[in-house]
1. Kindly indicate the residue of the stretch 2-19 that is among the small types (Gly, Ala, Ser) and either in contact with a Lys or Arg (Cβ under 8 Å, 6 or more places away or on another chain) or within 21 Å of Met108 (Cβ to Cβ) (or both) and also least open to solvent (accessible area, probe 1.4 Å) among those meeting that condition.
2. Only one residue in Ser397, Ser391, Ser372 is in contact with a Lys or Arg (Cβ under 8 Å, 6 or more places away or on another chain) and at pLDDT 90 or above. Which one?
3. Select, from Leu102, Leu119, Leu125, Leu164, the only residue that is over 14 Å from the mean Cα position of the chain (by Cα), open to solvent by less than 30 Å² (accessible area, probe 1.4 Å), farther than 17 Å from Glu290 by Cα and within 12 Å of the ligand (Cβ to nearest atom).
4. Keeping to the stretch 266-294, report how many residues are open to solvent by 10 Å² or more (accessible area, probe 1.4 Å), more than 9 Å from the ligand (Cβ to nearest atom) and among the hydrophobic types (A, V, I, L, M, F, W, C).
5. From Ala294, Ala302, Ala298, Ala277, grab the single residue that is of a type in the set (Gly, Ala, Ser) and more than 24 Å from the chain's Cα centre (by Cα).
6. Name the one entry in Leu137, Leu144, Leu149, Leu102 that is over 19 Å from Met64 (Cβ atoms) and part of a strand (DSSP E or B).
7. Go through (1) in contact with a Lys or Arg (Cβ under 9 Å, 6 or more places away or on another chain); (2) closer than 16 Å to Arg110 by Cα; (3) without any contact (Cβ under 8 Å) to a residue 60 or more places away in the chain for Glu58 and report which single condition fails.
8. Being away from the ligand (no atom under 12 Å from the Cβ), assigned to a loop (DSSP other than H, G, I, E, B), touching a helix residue (DSSP H, G or I) at 6+ places or on another chain (Cβ under 7 Å) and within 27 Å of Ile11 (Cβ to Cβ) is the requirement here; does Thr56 meet it?
Amino acid sequence: MIKRVRGTQDILPQASGSWQEIEEVARRIFSLYEYQEIRTPIIENVSLFNRSLGETTEIVQKQMFQVKHEKDHLVLRPEGTAPIVRAYLENNLDKLKTVNKLYYLGPMFRAERPQKGRLRQFHHLGVEAIGSIMPQLDVEVISLADRILREAGITEFQIYLNTLGCPKDKAKLSYQLQKKLSSQVSHLCSECQNRLNRNVFRVLDCKNAACQKVVSGLDLNHDYLCSDCNEHFRAVIDGLKSINIDYKISHTLVRGLDYYTQTIFEIKHQELGAQDALGAGGRYDNLVAEFGGASSGAIGFAFGIERLLLVRNNQQSDTKDFKRSVYLVTLGTEANKKGVQLLHNLRINNICADTDYATRSLKAQMRKANDSGAKYCIIIGENELERGLFSLKDMESGQQKDISEANLLNEISNLVPNHRS
Ligand code: HAM
């Protein structure tokens with residue numbers, strides 16, 4: 001048998017309802033904050049990511065699924081920020097509005113070693129707000145992330161916040177880290193000993209216990225920030241406080257991608273175990289200019305939908321939920337024919353309805369009706385047809401009554417809400 005690719009998932013009908021719920025919550029909140037959807041291709045040119053994410057990052061070095069076709073060197077997108085900035089410039093979105101507030105949902109691909117919460121094809125749900133350097137936009141984006149989690153029923157998450165400052169400040173921080181870590185180089189894993197000179201920020205994300213011990217002992221503060229960047233970060237903090245968004249400052253939070261500057265954040269949940277980030281984001285004020293556009297501030301974040309669902313499904317209780325729909329049971333050839341018309345009429349009237357396309361006994365069909373979770377069941381047998389009557393059963397109470405064909409639609413419309421409303 002041909003199996004699915006390692007690190008990918010089939011989202012089966014039993015699970016797709018939870019996906020739709022999360023997506024609906026997110027879309028509702030995005031539109032509340034006036035973000036509009038953008039959909040970019042799944043394949044992009046490899047050069048888009050090499051430069052923006054950084055040549056020394058884990059993603060560029062090891063995790064990109066590359067596709068070579070004739071002269072093209074393509075890649076399955078590992079993340080959404082760089083493609084959206086490309087699309088923003090390529091389609092002149094900057095000419096339409098000063099600030100473009102965009103959201104996206106879709107698959108991303110990284111060739112990582114699969115484990116709980118870590119897949120090779122996973123899904124992002126995120127935003128990119130491009131065109132402003134104001135700290136109030138940082139506050140909006142972080143509070144939007146917080147709101148989505150709360151509306152999705154996810155609690156006990158923690159927002160970690162830090163700032164890298166402008167490129168000059170970031171270089172200063174990098175130098176400070178190199179200096180502090182060099183004195184303890186022998187305690188670092190061999191990979192981090194290499195990282196020390198190539199990209200010291202990655203040492204701070206290493207999962208190796210010895211490296212984590214060294215990192216947790218680092219005495220860090222914000223003295224690498226210039227006064228403007230210090231002021232920006234203060235304004236973000238004040239804004240978050242003014243709307244009661246809970247956060248913790250983490251001096252060791254640096255994020256793995258090169259494009260970040262200024263505010264960065266990560267949202268963690270204990271229940272996730274080793275892969276504990278529900279989502280993350282930050283400012284990337286220089287990326288638009290790096291891609292050839294006019295210098296413009298930008299900030300965004302992305303949640304991993306699989307991780308949101310891992311946490312959310314653990315929190316939900318398993319109660320039987322009667323769907324607001326109708327199940328049709330037919331017995332005999334004539335009843336089957338009548339069933340076609342009745343199903344059509346119910347659906348034309350926006351009433352959710354289904355039947356069992358298998359010739360089965362009354363008992364088997366009733367069992368199926370029960371399993372379907374439908375709220376009402378209509379039974380059409382030979383006897384009923386002759387008398388021009390159908391049986392209507394309330395599946396919750398078990399009560400059953402006869403109804404004339406002429407009255408059926410009216411009666412059902414009063415019992416079951418319109419699917420469109
Ligand atoms: P990221 O931290 O690489 O950021 O990914 C964001 C989230 O995607 C992670 O916190 C995690 O929940 C999820 N995720 C990442 N890799 C995997 C994986 N292999 N399997 C399952 N879930 C995963 C970004 O990608 C940035 N583009 C976020 C951003 C938007 N920054 C600014 N704007």
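1. Within the stretch 2-19, the first condition is being among the small types (Gly, Ala, Ser), and the residues that meet it are 7, 15-18.
Narrowing further to those that are either in contact with a Lys or Arg (Cβ under 8 Å, 6 or more places away or on another chain) or within 21 Å of Met108 (Cβ to Cβ) (or both): 7, 15-16, 18.
Details: Gly7: 12, Ala15: 40, Ser16: 36, Ser18: 27 Å².
Checking each candidate, the answer is Gly7.
2. Ser391
3. Details: Leu119 fails: over 14 Å from the mean Cα position of the chain (by Cα); Leu125 fails: over 14 Å from the mean Cα position of the chain (by Cα); Leu164 fails: within 12 Å of the ligand (Cβ to nearest atom).
Just one listed residue meets the conditions, Leu102.
4. 4
5. Working: Ala302 fails: more than 24 Å from the chain's Cα centre (by Cα); Ala298 fails: more than 24 Å from the chain's Cα centre (by Cα); Ala277 fails: more than 24 Å from the chain's Cα centre (by Cα).
Selected residue: Ala294, the only one of Ala294, Ala302, Ala298, Ala277 that is of a type in the set (Gly, Ala, Ser) and more than 24 Å from the chain's Cα centre (by Cα).
6. On the way: Leu137 fails: part of a strand (DSSP E or B); Leu144 fails: part of a strand (DSSP E or B); Leu149 fails: part of a strand (DSSP E or B).
When all the criteria are applied, what remains is Leu102.
7. Here Glu58 meets the rest and fails (3).
8. Numbers: away from the ligand (no atom under 12 Å from the Cβ): yes; assigned to a loop (DSSP other than H, G, I, E, B): yes; touching a helix residue (DSSP H, G or I) at 6+ places or on another chain (Cβ under 7 Å): yes; within 27 Å of Ile11 (Cβ to Cβ): no.
Here the answer is no, as Thr56 does not meet what is asked.
The values are calculated or read from the model by the stated rules, or taken from the named source; none is laboratory data. As the structure is a computational prediction, the values presented were derived from the model and not from experiment. Every residue, glycine among them, receives a Cβ derived from its backbone with ideal geometry; neighbour counts consider all protein chains shown. For the accessible areas, the whole protein counts, side chains as well, though only heavy atoms, and no ligand, DNA or RNA atoms are used. Shrake-Rupley method; radii C 1.70, N 1.55, O 1.52, S 1.80 Å.
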